[in-house]
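See below for the structure under consideration.
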Amino acid sequence: MLRTILSWAYDRFGARYPRLALALQFQVAHLVVLGGLWMLDLYVELSDAQFWRIAAITQAAVFVENCAALLVVSKLLRPADPWLRGERNPVTALAAWRALAGLPLEFLRWGRAVPFVLYVVPVSVYLSFELTGRFIVPTFLILVAGSSVVLLYGIFLRFFAVELMLRPVLTQVSCDLPDGAPLGRVSVPLRWKLLAGLPAMNIISGVVIAGLATPADSGLEQLGFGVLVTLAVSATISLELSLLLLRSIVEPIHDLQQGTARVADGDLGVRVPVLGSDETGTLASSFNRMVSGLAERARLREAFGAYVDPGVADQVLEHGTAIPGEEVEVTILFVDIWGFTAFAEQVGASEAVARLNAFYELVVPVLARHGGHANKFVGDGLLEVFGAPDHHTDHADRAVAAALDLVDCVGERYGDELRIGVGINSGTVVAGTVGGGGRVEFTVIGDAVNTAARVERATRTTGDGVLITDATHRLLRRGHGGFVSRGPTRLRGKADEVVLHAPVRAARARRTAPRLQPI
């Protein structure tokens, strides 16, 4: 309910919300001081005149302190103002987050001894004269102790209330933070919040209970005794219980922090202990289920990526199988083994498949290094796409560089035992998922694809290891060692002749295809 109200207020007041909300929250200090005056009345019987005089003086002191606090808060909020005014970018978001998340601690650091010096000491001096008619050191010290209890309550109440008030803004700011942003240490760790907060609550509760349990005219000595007793209990019994509670809350969170760090390092086999069925136990169980899901996704991607290109696998896992078709300019590379059909007729199917697998084990990583997408395996041929699904403006250069690298790698691995032909063509295609009945594949459709296959067939005629069309040649931004023109060539299925070029590095390395030998 409160979170809904605060979110509504932030939506309503926008950039003014932090200062308005904190100004409103600071007024609670007036009620805290009235509560302290009521606590004093438990130990010392005050006349009506004394009660209202003390109330007027202390409320005036609170007003002055609130004004000073608002000035400090306004200064601490300045780094967040650009983001609050609408300048939403990672830089302003990080500055705003640090200012807002660190405000409670920075405000506490600013205060330090100021409230004690400017509030507790003067008020205690005044109360000493008001209650006894003169300044008495023991009375003054007792009043300082009692006023410090009230101040302690006010500090803790203000600290946690400021955190609560700023939460709607921090929620929005965190959405604009870049992943892995250097947040730093701007907040009080949960460990110290519990370690300081629980004993403090016991001190305040103990002093009030002691006052309720004693006669109204017991005097200030009883107040001093009550403060000492509650301090002793908080420093011993209460502290011990606080430490035990601290361990039960912080240690499971520490386990989750360590588990998260290991997951970030790639360890998806990590599991955190589930120590109970409370909130921390439920959180640990949820963490384990999440990591199990990530591991399953990784296994699915690994298995899926063995049958389709990893880039397509990522898109399918993220967006589903319906990757819409779009017209894109790409470069198609078609590679084929010369003489493989005759070789396959001489050997068994298992040996032919083994030779192909060994060949593709070399080829696919080489093409992937240049940004190619292994679109389709057609027997001893491979259709590779540059420019889809990952868009590259230099797709033609990538394809030519990959082809030259491929020819070199095949030559180093197989020598004269195996020869390949590579045909490259650029043009507009439709890229997307095609299929039905629960079976689809990512493919590219267009005349540019058919032309690349025909260009590869032309390598057997020209004797070149690599041939590219004039459409690809015009898109090149790099020299690639120069090209030799093969002139207009008639390709099967094409009405017009196509101008072909051969890279000098792969031009007529061998006029005839080598004959594959069984292995």
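The values are calculated or read from the model by the stated rules, or taken from the named source; none is laboratory data. Small disclaimer: the values here were computed from a predicted structure and weren't measured. As a convention, Cβ positions derive from the backbone with ideal geometry for all residues, glycine included, and neighbour counts pool all protein chains shown. We work out accessible area using only protein heavy atoms, side chains counted, and drop any ligands, DNA or RNA first. Shrake-Rupley method; radii C 1.70, N 1.55, O 1.52, S 1.80 Å.
Straight-line reach from LYS376: which lysines have Cα under 24 Å away, leaving out those fewer than 8 places along the same chain?
LYS494
What is the mean projected area of the alpha carbon convex hull for region 127-190, to one decimal in square nanometres?
Reported value for the Cα convex hull: 6.9 nm².
Can you give the accessible area of LEU2 in Å² (nearest 10), computed on protein heavy atoms with a 1.4 Å probe?
90
Going from most exposed to least, what order do ARG419, ARG12 have by accessible area with a 1.4 Å probe?
From most exposed to least exposed: ARG12, ARG419.
Set the Förster distance to 41 Å, then compute FRET efficiency between GLN172 and LYS376 from the Cβ-Cβ distance, nearest 0.05.
With R0 = 41 Å, the Cβ-Cβ based efficiency is 0.30.
Obtain the nm distance between the two label points defined at SER485 and GLU327 by a simple spin-label model: each point lies 7 Å from its Cα along the Cα-to-C-beta direction.
For the pair SER485/GLU327, the computed spacing is 3.0 nm.
So what are the ³J(HN,Hα) numbers for region 361-370, from phi and the Karplus equation (6.51, -1.76, 1.60; θ = phi - 60°), rounded to whole Hz, Gly and Pro as x?
3J(HN,Hα) across region 361-370, in whole Hz: 4, 7, 6, 4, x, 4, 5, 5, 4, 9.
Counting only protein chains, not ligands or nucleic acids, how are ASP265, ASP390, ASP397 ordered by accessible area (probe 1.4 Å), most first?
Reading off the accessible areas and sorting them downward yields ASP265, ASP390, ASP397.
Could you calculate the FRET efficiency of ARG109 with HIS30 from 1/(1 + (r/R0)^6), where r is the beta carbon distance between them and R0 is 22 Å, rounded to 0.05?
Efficiency, from the Cβ-Cβ distance: 0.35.
How long is the gain from ARG413 to ALA368 if the chain were fully straight, where each residue apart is worth 0.36 nm and the alpha carbon distance is subtracted?
14.4 nm
Treating cross-link reach as a plain straight distance, find the lysines whose alpha-carbon is under 27 Å from the alpha-carbon of LYS193, omitting any fewer than eight places away in the same chain.
Answer for LYS193, where 27 Å is the Cα cut-off: LYS75, listed by chain and number.
Report the gain in length on full extension from LEU256 to ARG457: 0.36 nm times residue separation, minus Cα-Cα distance, nm rounded to one decimal.
Residue separation times 0.36 nm, minus the Cα-Cα distance, leaves 66.5 nm.
Hey, got the Cα dimensions of region 330-415 along the principal axes, in Å, largest first?
Taking max minus min along each principal axis of the Cα atoms, region 330-415 gives 44, 24, 17 Å.
Under the rule of at least 5 residues apart or a separate chain, name every residue whose amide H is placed under 5 Å from the amide H of ARG486.
Residues meeting the criterion, in which the H sits 1.01 Å from N, are LEU500, HIS501, ALA502.
May I ask you to list the residues of region 171-194 whose amide nitrogen lies under 16 Å from a point 7 Å from Cα along the Cα→beta-carbon direction of ASN89?
Answer for region 171-194: 176-178.
Can you compute 3J(HN,Hα) from phi for each residue in region 179-188, using the Karplus curve 6.51 cos²θ - 1.76 cosθ + 1.60 with θ = phi - 60°, rounded to whole Hz and x for Gly and Pro?
4, x, 4, x, 6, x, 10, 10, 10, 6
Taking the dipole about the Cα centre of region 372-423, with the C-beta of Lys and Arg at +1 and of Asp and Glu at -1, give me whichever of GLY411, LEU382, ALA396 is farthest to the positive side.
Working it through, the farthest residue towards the positive pole turns out to be LEU382.
Rank THR58, ALA23, TYR43 by how far each Cα sits towards the positive end of the charge dipole of region 1-113 (+1 on Lys, Arg Cβ; -1 on Asp, Glu Cβ) and give me just the farthest.
ALA23
Could you compute the FRET efficiency for LEU275 and THR4, with r as their C-beta to C-beta distance and R0 at 35 Å, rounded to 0.05?
Efficiency computed from Cβ-Cβ geometry: 0.60.
Work through the residues other than GLY86 whose Cβ is under 15 Å from its Cβ and net out their charges, Lys, Arg +1 and Asp, Glu -1.
Net of charged neighbours comes to -1.
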